[in-house]
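The values are calculated or read from the model by the stated rules, or taken from the named source; none is laboratory data. All values reported here derive from a predicted model rather than from experimental measurement. In this analysis, Cβ positions are derived from the backbone assuming ideal geometry, glycine residues included, and neighbour counts consider all displayed protein chains. The accessibility values were calculated without ligands, DNA or RNA, using every heavy atom of the protein model including side chains. Shrake-Rupley method; radii C 1.70, N 1.55, O 1.52, S 1.80 Å.
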Amino acid sequence: MSFLEEIQRRRTFGIISHPDAGKTTLTEKLLLFGGAIQEAGAVKSNKIKKGATSDFMEIERQRGISVATSVLAFEYKGKKINILDTPGHKDFAEDTFRTLTAVDSVIVVIDVAKGVEEQTEKLVAVCRMRKIPIIVFINKLDREGKDAFDLMDEVEKKLGLHVTPLSFPIGMGYDFKGIYNIWEQNINLFSGDSKKNIEETIAIENIDSPELENIVGEKPAQKLREELELIQEVYPTFDRNAYLEGNLQPVFFGSALNNFGVREILDCFIEIAPSPKPKESDTRLVEPTEEKLSGFVFKIHANMDPKHRDRLAFVKIVSGTFERNKPYTHVRLNKALKFSSPNAFFAEKKEIVDISYPGDIVGLHDTGNFKIGDTLTEGETMNFRGIPSFSPEHFRYINNADPLKAKQLEKGIDQLMDEGVAQLFTLEMNNRKVIGTVGALQYEVIQYRLEHEYGAKCTYENFPAHKACWVKPDDAKSEEYKEFLRVKQKFMAKDKYGQLVFLADSEFSIQMTQSKYPSVKLFFTSEYNE
């Protein structure tokens, strides 16, 4: 296959949603179609027979939630599909925001009973800002839930999307009969038997034919015809260009747990979703079809295997091909590195690959060279932008609970911060370390992983900060800036890149600082690779 054909057959997307909407279950079922796993596991807390393939950290299995983003790939109908399954829990939103820099499109999963939830709103806002094409999957139709039209209205209002249904439910909850596939014009009947791997579909050329009554019954048939008529009047017809530009979002209905409606979304997805797209760097726009390699690190995962101290840097390939044992330039360090065992992900197995193409995600074994946001090229100096770190909302001092393990603690904190689990601030005044996170659950994850992966124990105490503000003065030598540093000295800290941060104790204090020292600019996100 030629280089261009390889690019065109790639589809790299993320699955995002609120916790519990069924995202990991959907991922599992998609893998089932790709033949990547034999029996899909659902995430049910504590009652796990077969854990979900994409949840490999111990703490995820105990809690029944996904903490880290996992990468899964499979082949389906001649297409190479890369899924990035993201954590839905809001405490891990930062990981998800970073993952969105590495996808070409997303599927948003919405729970039929709960509708649009707050976490979904935040994530979709990021997708819209970046104009990422979105497909909506309304899940759990075998349970009682909101009316399909009401749900689509809610999606339009709360998420600011412009939707058009490409499949539609026949009944819901107890009366759920199946799904009419508007995209392919056929009906998929629901037997409620989750043991059946793949449901049968019945093609219906003409929705007005009496055949429909025989299949679903008289009342449901009548209702379906009325609803389809309404859809034609109310919703725009699907237009692929509008979808690719982020201006139109197709909606599918189904039940991932019962493997229902999943094939429809997958078949449509591989036809309409974009192949790898160009990406903006700080010097120019990089096209996937360029011959020379470029890619960036959007995630680092330490200790994939607790027995071996290994870190894996996840690199999204933007252009060219990534070849094993070929030297590439690490732009920030300005040095050549080569990789003898680049990994690709196939369900839960990692495989060493000789060559990867734009759109693929490659895992590189790392001994500490990589930070999130790093760029690899074949010699060109450029950095891919848009991998910010957000201002944390929770702050705690971290203390060593075992003086004999100071080294292990330091190493553990260092590696977990490289991974982007949380942010470390060192106070200027006394060098005490403060950990800032987006969500409180992260502290438990850090404590758990420090103990189980590094053999170090830590304790926390509260640090009274409200927000971290990155500081950039207009003039570093001005009297105003010097006074600001003197007055605020006990709130000043450095982040792990040595950038100056003001840990403000309240919203009021931020406003006062901005009016009192107008030449000192405060920012609430930091670009990782500035």
Legend entry - Thr426-Ser515 pseudo-label distance in nm [points 7 Å out on the Cα-to-Cβ vector]: 3.6
Legend entry - Estimated D of segment 107-188 in µm² per second, where Rh is the Kirkwood radius over Cα pairs and Stokes-Einstein applies at 25 °C, 0.890 mPa s: 184
Legend entry - Sorted peptide list for 322-329, 259-266, 240-247, criterion being average Cβ within 10 angstrom, highest first: 259-266, 322-329, 240-247
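If you rank Met512, Met492 by how much accessible surface each has, with a 1.4 Å probe, what is the order from largest down?
Result of the area sort, largest leading: Met512, Met492.
Give the carbon-plus-sulfur fraction of the accessible surface of segment 375-530 in %, rounded to a whole number; probe 1.4 Å, heavy atoms of protein chains only.
Numbers: 3770 of 7480 Å².
In segment 375-530, the share of accessible area belonging to carbon and sulfur is 50 percent.
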Legend entry - Label-to-label distance, nm, for residues given as Asn247 and Glu410 (7 Å Cα→Cβ offset): 5.7
Legend entry - Solvent-accessible surface (1.4 angstrom probe) belonging to His452, in square angstrom, nearest 10: 110
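On full extension of the chain, what length is gained from Gln185 through Phe524, given 0.36 nm per residue of separation minus the C-alpha to C-alpha distance? Could you put the intermediate results ahead of the total?
Details: separation 339, 0.36 × 339 = 122.04 nm, distance 4.87 nm.
Between Gln185 and Phe524, full extension yields 117.2 nm more.
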Inset, instruction - Could you calculate the FRET efficiency of Glu156 with Glu218 from 1/(1 + (r/R0)^6), where r is the beta carbon distance between them and R0 is 41 Å, rounded to 0.05? - result: 0.80
Legend entry - Pairwise FRET efficiency - Glu287 versus Thr237, Cβ, R0 = 45 Å, nearest 0.05: 0.90
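Output needed for segment 479-518: three equivalent-ellipsoid semi-axes, defined as square roots of 5 times the C-alpha gyration tensor eigenvalues, in descending order, whole Å.
Semi-axes (√(5λ), whole Å): 17, 13, 9.
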Legend entry - Stretch gain in nm, segment Gln489-Ile355, where the contour uses 0.36 nm per residue and the Cα spacing is subtracted: 43.1 nm
